[in-house]
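J.: Got a structure for you, questions after.
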Amino acid sequence: MFRTLSIIGFIVCFMGIAVCCIASPCKGCGWRPGQILRRLVHLFTMLFVEQRLNLIGVLRKLVYLLALLCFVVLAVTGFGPRLFFDKTISGYWLMLHATFAPVFAVCLAVLVVMWASHCRFTGSDWPWLQRLIRRVILAKTVSEKTGGARSGLGRKITFWLIVVLALPLIISIISSMFTLFGTYWQELLLDTHRYIALVLAMVIIVHTYLMIRTQMR
Amino acid sequence: MQVGLTHWQFLQLFGRHIPSGGPGELESNNPDERKRGDELVRSDISGKLEINCLSCHNAHPGQDHAEYAVQIARQNYRWAAAAACEFGSVKGIAAAQIDTYDPLMGDAIATTYRENTFDHLKKVFFDIVRKVPNERCYFCHSNLDLSKDGSEKWTADEDVLLAAGLSCVDCHRNGLDHNIIRGYEGEDAASKNPLAASTTCEGCHTEGRLGAPVPEHPGIPPVHFEKLTCTACHSGPWPDQKTYRTKTSRAHALGVHGVKKTDEMLPHIMSPVFARQHDGKIAAHKLLWPAFWGSLKDKKVTPVSMEIVKRTARRVIGRRMLLPSGDWPALTAEHITKALTLLSSNESMEGEPVYICGGKLYRLDESGKLREPEEHPAAQPYLWPIAHNVRPAAQSLGVRRCEDCHSTDGPFFFGDVAVDTPVVSERDSVKKMVEFEGIGAFYAWAFAFSFVFRPWLKVVALVSAGLIGIVLLLYGLKALACVVKTLAEGD
């Protein structure tokens, strides 16, 4: 069941991103090889080329990149055995997963502290939220001019979703390491960890996509 | 038959610890299994060793299986059951009678019954019970762990199931077909006993049958139940850095009169050895290193007939080499070389003569010198799973902490399994437990090492979660304040 849901979830997630890319490409983005190459170089420079940031900015960026790396490792080691081999995580997969997990937890905590203020919802987000809801329910909208960052709302929503999901994700697996819960509750905690990880992974993928879109503008 | 044992010889060697029937009653039309001329004559005197129902179903404390073993040694097969029961005794020795002795006419072997056995109507009371008492099982199914605390029975704790009031047959049930349940997981696939699936550890302990407590296993990740059997944590002696030697009823003739009781008596059985079973789970086992002379042909080793070995080995390994303790004689490379040379000159040998011991195969090269010992499937140890004595939950592996097993020097993964061998130069060799578990040694070590950092993992994760929780709470309260303010403004 979990395997099926994971596969469906990731397919839906990536398809949604692909549809979004095609339906509303960002300015200057295209699908010609030259444009794709330019985008990849730009992404690469975001990671490695020195940029004009203060110490806090540099720290924030480093922690973000480390968190991203940890997420990739955790996602591969966590979902890989189940998706590709239909086996419970064990062996070296488990060791890698358990090694990167506390690093990811620390990075998340630091990012939450650093970005919470930046990602708080403001008055300028409210019209966009209304517009988003109308779009979702396919109601006719009158175009409204709104100021502020257009896609900031999406990033903020995904940020807070990550924060909300991170808490039970960490607590579910850590509490299973104490001699508090018997087999029934252990399995429940493990299932909780799995399904929350699945949702969190999808949210992080969407969040990362929105971050890249913002940077590309 | 592979080692040249006829049914008759098998009975002589092992009849003491079986309830008879089986080889005691077999008549084979296979010319290879027909008794030798002298055995045919002797079996007419001794009779068949028929099934002895009393060996299990006699509840009287006077049932004496040790006496049964004595009768087997005397070849008094048709009298053995009577001699073992509480009201009969047998005088005479079938093995000492001449070939023409007629057991039906002669009185050299006679059964006498106790005077007050029969009542005034010449009837006798057989205290036969359906539910076999534990004492009947113990004679054939006991073992003695030769631990550092000593090898006396009183130094070991009783099986917790028996201490709780269960009897052996409460779990090991059977019908008239005597298809006795062994109680291992997956037995229903091999057994036609209708209770095979439900009479296992899980069968009782998940449903609370017979008052069995339903275990919580707090703090143990469920993956352990996929990779381990119940017996891995709950059975046998608590593992020590080196495996213990164990003596068993049938291998060491426990309870039989006149048997050597030394700790060094062969065979040397090691326990507990944690090894992977055919179903992929790790379980506790007993282990025996095979030692035999064989012939190698087409990469397969076949044991050589004992008669040939006796004729050959005796010329190399004389009586003076045998130890009074019953331990291995001190075998050297020269002894093995001489014996293999003698075997190779034996005309009845098919294939190349080899010696298997200590997990290795010894053979001669073209020039007649002993080669370096090599690995061979026939030299692999023989393992059989153990389930008793069951230890209570408070004495199961993992009850204290994860490091009971997951430590870099823990016996579960890194305990030493003694390699039992008569070869003097190889006597101290050991194998690590992890080699029998199908797990990479480095992985087991690395995983165990990671447990050093486990407390830090918990602290770091909890602090991070705490921090995230505080931020969530802070902004959640701010959001709530905002909502409250908006609603108040709306009014």
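The values are calculated or read from the model by the stated rules, or taken from the named source; none is laboratory data. No experiment lies behind these values; they were computed from the predicted model shown. As a convention, Cβ positions derive from the backbone with ideal geometry for all residues, glycine included, and neighbour counts pool all protein chains shown.
J.: Looking at (1) in contact (Cβ under 8 Å) with a residue 12 or more places away in the chain; (2) in a loop (DSSP other than H, G, I, E, B), which is the one condition that is false for B:Cys233?
T.: (2)
J.: For the structure I just gave you, tell me whether B:Ala232 is surrounded by fewer than 21 Cβ atoms within 10 Å (Cβ to Cβ), among the hydrophobic types (A, V, I, L, M, F, W, C), within 18 Å of the chain's Cα centre (by Cα) and at negative phi.
T.: Working: surrounded by fewer than 21 Cβ atoms within 10 Å (Cβ to Cβ): no; among the hydrophobic types (A, V, I, L, M, F, W, C): yes; within 18 Å of the chain's Cα centre (by Cα): yes; at negative phi: yes.
Spelling it out, it is not the case that B:Ala232 is surrounded by fewer than 21 Cβ atoms within 10 Å (Cβ to Cβ), among the hydrophobic types (A, V, I, L, M, F, W, C), within 18 Å of the chain's Cα centre (by Cα) and at negative phi.
J.: When residues of segment B:192-223 are filtered for being in contact (Cβ under 8 Å) with a residue 12 or more places away in the chain, more than 23 Å from B:Leu397 (Cβ to Cβ) and not basic (Lys, Arg), how many remain?
T.: 6
J.: Pairs please, first residue from segment B:53-77 and on the phi > 0 side of the Ramachandran plot, second anywhere and part of a helix (DSSP H, G or I), Cβ atoms under 6 Å, 6+ apart in sequence or on different chains.
T.: Going by the 6 Å Cβ cut-off, the qualifying pairs are B:Gln75/B:Ser46; B:Gln75/B:Ala94; B:Gln75/B:Ala95.
J.: Here's something else I'd like to know. Tally up the residues in segment B:46-61 that are among the polar types (S, T, N, Q) and assigned to a helix (DSSP H, G or I), please.
T.: Final tally of qualifying residues: 2.
J.: Let me ask something additional. Would you point out the residue of segment B:434-479, among those that are among the charged types (D, E, K, R) and part of a helix (DSSP H, G or I), that is farthest from the other protein chains (Cβ to nearest Cβ)?
T.: Here is the first cut: in segment B:434-479, the ones among the charged types (D, E, K, R) are B:435, B:437, B:454, B:458, B:478.
Filter once more, keeping what is part of a helix (DSSP H, G or I): B:435, B:454, B:458, B:478.
Details: B:Glu435: 17, B:Arg454: 7, B:Lys458: 6, B:Lys478: 7 Å.
The residue in question is B:Glu435.
J.: Just wondering, is there one or more residues in segment B:178-191 that are touching a residue at least 12 places away in the same chain (Cβ under 8 Å), under 30 Å from B:Asp409 (Cβ atoms), out of contact with any Leu (no Cβ under 9 Å at 6 or more places or on another chain) and not in a loop (DSSP other than H, G, I, E, B)?
T.: So far as segment B:178-191 goes, no, none of its residues is touching a residue at least 12 places away in the same chain (Cβ under 8 Å), under 30 Å from B:Asp409 (Cβ atoms), out of contact with any Leu (no Cβ under 9 Å at 6 or more places or on another chain) and not in a loop (DSSP other than H, G, I, E, B).
J.: Can you tell me how many residues within segment A:178-196 are surrounded by 18 or more Cβ atoms within 10 Å (Cβ to Cβ) and not in a helix (DSSP H, G or I)?
T.: 1
J.: Residues of segment B:125-172 being surrounded by 14 or more Cβ atoms within 10 Å (Cβ to Cβ) and of a type in the set (Lys, Arg), which ones?
T.: B:Arg136 - this is the single residue of segment B:125-172 that is surrounded by 14 or more Cβ atoms within 10 Å (Cβ to Cβ) and of a type in the set (Lys, Arg).
J.: For segment B:257-322, which fully contained strands (runs of 3 or more DSSP E) count at least 2 residues that are crowded, with 20+ Cβ neighbours inside 10 Å and small (Gly, Ala, Ser)? Quick ask: steps written out before the conclusion?
T.: On the way: elements: B:269-276, B:282-288, B:292-297, B:300-303.
Fully inside segment B:257-322 and qualifying: B:269-276, B:282-288, B:292-297.
J.: Please specify each residue of segment A:70-96 satisfying the condition of being more than 9 Å from chain B (Cβ to nearest Cβ) and free of Cβ contacts under 8 Å to residues at least 24 places away in the same chain. If you could, list the steps in order and put the result at the bottom.
T.: Filtering segment A:70-96 for residues more than 9 Å from chain B (Cβ to nearest Cβ) gives A:70-87, A:93, A:96.
Those that are more than 9 Å from chain B (Cβ to nearest Cβ) and free of Cβ contacts under 8 Å to residues at least 24 places away in the same chain: A:Val72, A:Val76, A:Thr77, A:Gly80, A:Pro81, A:Phe84, A:Phe85, A:Lys87, A:Trp93, A:Leu96.
J.: For B:Leu487, are the conditions met, namely being at the interface with another protein chain (Cβ under 10 Å from one of its Cβ atoms) and either in a helix (DSSP H, G or I) or at pLDDT 95 or above (or both)? Reasoning before the result, please.
T.: Working: at the interface with another protein chain (Cβ under 10 Å from one of its Cβ atoms): no; either in a helix (DSSP H, G or I) or at pLDDT 95 or above (or both): yes.
Judged against the criteria, B:Leu487 is not a match.
J.: Could you look through segment B:365-398, keep only residues that are among the basic types (Lys, Arg) and in contact (Cβ under 8 Å) with a residue 12 or more places away in the chain, and pick out the one that is surrounded by the most Cβ atoms within 10 Å (Cβ to Cβ)? Before the answer, list the steps.
T.: Applying the first criterion (among the basic types (Lys, Arg)) to segment B:365-398 yields B:369, B:371, B:391.
Then drop every residue that is not in contact (Cβ under 8 Å) with a residue 12 or more places away in the chain, which leaves B:369, B:391.
Numbers: B:Lys369: 9, B:Arg391: 19.
The qualifying residue surrounded by the most Cβ atoms within 10 Å (Cβ to Cβ) is B:Arg391.
J.: Please work out which one of (1) under 55 Å from the mean Cα position of the chain (by Cα); (2) surrounded by fewer than 13 Cβ atoms within 10 Å (Cβ to Cβ) is the condition B:Ile439 fails and give its number.
T.: Looking at each condition in turn, B:Ile439 falls short on (2).
J.: Output the residues belonging to segment B:435-456 that are more than 16 Å from A:Ile174 (Cα to Cα) and of a type in the set (D, E, K, R).
T.: Answer for segment B:435-456, where residues must be more than 16 Å from A:Ile174 (Cα to Cα) and of a type in the set (D, E, K, R): B:Glu435, B:Glu437.
J.: What residue, of B:Gly62, B:Gly92, B:Gly106, B:Gly165, is over 21 Å from the mean Cα position of the chain (by Cα) and assigned by TED's automatic domain parsing to the domain that holds B:His234?
T.: B:Gly165
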